[in-house]
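Please read the structure below before turning to the comments.
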Amino acid sequence: MEPQLSHTVAEGVATVVIDHPAKRNAMTPAMWRALPPLLAKLAADPSVRALVLTGAGGTFCAGADISSLDASAEGGDGPQRLSVLAEEALAAFPRPTLAAVRGYCVGGGAQLAAACDLRFAEEGSRFGVTPAKLGIVYPASSTARLATLTGPATAKYLLFSGELIGTERALRCGLVDEVLPVGGLGARVAAFTSVLAARSPLTQAAAKEFVAGRTDRIAHWEDEARRSTDAAEGVAAFLERRAPHFTWTPATTGE
């Protein structure tokens, strides 16, 4: 089978699968290129309320396909540039995103996982940021994102050494949000994303931008809150002891 990104949408949750098992789901240039338009397509689908990124089989992603790295030194279409564009597209996805990690989450895989809003991992998974093993300068945006998640000291540990860490340390340093027993990741991710899909997309979208420091968007979200019926629906559902049905969608796209 050719390396690919496959996807499904079910019950409000889009699942994107990194599928290159012959090389532990390493990302080829074609796969890096394919991710931003796929995310744009899913963002334009109003039925999608949350997104899960995972890997086929027992591995999340072992990084970039090393055979592609010769092209990285020159040109705007080199693998590192492609990986940054894919990472930024994932970070900018307008709904909640969750990386479901099994096995190795290394290099470009860790880059993608860090770009998600949340990361759930199966016990025994291994995480690493390994450019120092190859003499590669890790992108500034990726470095900043890693340091925001883990703190400067852990980011330096990972980047300076290229060493892999386990789920216990990843949880402790903030790289992972939950660790699940072997066999329990799928059910937990399904249950949690079901919760996300049932919550107010207005609340989630505004919170995502504010956490990212978008204070320039305060007026925009105040306008969206006035336009939305989500708050009225939430209060009514609470008083009537029923599940709310939130219907907010953005007034505009492409911002």
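Checking each residue in the stretch 191-216 for being buried (at least 17 other Cβ atoms within 10 Å of the Cβ) and either at pLDDT below 95 or in a helix (DSSP H, G or I) (or both) picks out Phe192, Thr193, Leu196, Ala197, Pro201, Leu202, Thr203, Gln204, Ala205, Ala206, Lys208, Glu209. Select from the stretch 146-168 the residues that are within 16 Å of the chain's Cα centre (by Cα) and within 17 Å of Gly63 (Cα to Cα) and list them in ascending order. If the condition is that a residue be within 16 Å of the chain's Cα centre (by Cα) and within 17 Å of Gly63 (Cα to Cα), then Leu146 is the only one that fits.
Summed over the stretch 36-67, residues that are modelled with pLDDT of 95 or more, surrounded by fewer than 23 Cβ atoms within 10 Å (Cβ to Cβ) and assigned to a helix (DSSP H, G or I) total 7. Please work out which residue is nearest to Arg81 (Cα to Cα), limiting yourself to the stretch 150-167 and to residues that are out of contact with any helix residue (DSSP H, G or I) (no Cβ under 6 Å at 6 or more places or on another chain) and surrounded by 19 or more Cβ atoms within 10 Å (Cβ to Cβ). For the stretch 150-167, the residue satisfying everything is Leu158.
Is one or more of the residues making up the stretch 79-94 over 26 Å from Tyr138 (Cβ atoms) and either part of a loop (DSSP other than H, G, I, E, B) or at pLDDT 95 or above (or both)? Yes - at least one qualifying residue is present in the stretch 79-94.
Residues in the stretch 9-35 that are of a type in the set (S, T, N, Q) and either at pLDDT below 95 or assigned to a loop (DSSP other than H, G, I, E, B) (or both): Asn25, Thr28.
The values are calculated or read from the model by the stated rules, or taken from the named source; none is laboratory data. All figures in this text were calculated on a predicted structure; none of them were measured in a lab. In this analysis, Cβ positions are derived from the backbone assuming ideal geometry, glycine residues included, and neighbour counts consider all displayed protein chains.
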